[in-house]
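Here the structure is laid out as structure tokens; the discussion comes afterwards.
Nothing in this text is a laboratory measurement; each read-out follows from the coordinates by a stated rule. A quick note: this is a predicted structure, and the numbers were derived from the prediction, not measured. We place every Cβ from the backbone using ideal geometry, glycine too, and count neighbours over all the protein chains shown.
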Amino acid sequence: QVQLVGSGGGLVQDGDSLTLSCAASGSIFRAKAMAWYRQAPGKERELVATITTDGGNTIYNDSVRGRFTIARDNTKNTVALQMNSLKPEDTAVYYCNMRDDIGPLYWGQGTQVTVSS
């Protein structure tokens, strides 16, 4: 069983930056793609960014491309989401996710990000 523990959320202002981090237990981390999702109140959970096992390829939601950066450290079993130029519409609970070719495997507990205008 894999455990994903997310951290780094908080309350920031429009235009600020924030970095989320997710630590994974177990030895399969480096063999799995990772992702960040988010869910705003009243909305469905959406994919924010994904990263391949070696970190060589990343994919971003159009709404965050150019502002957010996903990165991983396979020596520390961590994946991070650097968020710049935050907007009020980025307000959501952010979830770390471990995935395979079929889809999501494990979820973190979620961390709240609130951007005030």
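What net charge do the residues around residue 25 carry, taking every other residue with its C-beta under 14 Å from that of residue 25, with Lys and Arg at +1 and Asp and Glu at -1? Mind dumping the intermediate values first?
Details: positive: 30, 32, 76; negative: none.
It works out to a net charge of +3.
So, in nm, how far is label residue 40 from label residue 19 when the simple model puts each one 7 Å beyond its Cα toward the Cβ?
Roughly 2.6 nm, to one decimal.
Amide H to amide H under 5 Å from residue 91: which residues, 5+ apart in sequence or cross-chain, H placed 1.01 Å off N in plane?
Close amide H contacts, sequence-distant or interchain: 115.
Among 49, 71, 31, determine the one that fluctuates most according to a GNM of the chain built with springs between C-alpha atoms less than 10 Å apart.
Among 49, 71, 31, the largest mean-square fluctuation in the Gaussian network model of the chain belongs to 31.
Between residue 58 and residue 1, what is 0.36 nm times their sequence separation minus the Cα-Cα distance? Round to one decimal in nm. Display every interim value, and only then the final one.
Numbers: separation 57, 0.36 × 57 = 20.52 nm, distance 2.54 nm.
Additional length available on full extension: 18.0 nm.
What does a probe at residue 105 reach in region 25-53, counting residues whose amide N is under 17 Å from the point 7 Å along Cα→Cβ?
Residues 25-37, 50-53 qualify, since their backbone N sits under 17 Å from the label point.
For region 110-117, take each phi angle, set θ = phi - 60°, evaluate the Karplus expression 6.51 cos²θ - 1.76 cosθ + 1.60, and give the result in whole Hz per residue in order, putting x for glycine and proline.
x, 9, 7, 10, 10, 10, 8, 8
Looking at region 1-106, which trypsin sites (Lys or Arg not before Pro) are in a loop (DSSP not H, G, I, E or B) and have at most 14 other Cβ atoms within 10 Å? Don't skip to the answer; put the middle values down first.
On the way: sites: 30, 32, 38, 43, 45, 65, 67, 72, 76, 99; in loops: 32, 43, 45, 65, 67, 76.
Answer in residue order: 43, 65, 76.
Checking the a/c ratio against 1.5 first, then a/b against b/c, what shape does the Cα gyration tensor give for the chain? Mind dumping the intermediate values first?
Details: a/c = 1.74, a/b = 1.66, b/c = 1.05.
Cα axes put the chain in the prolate bin.
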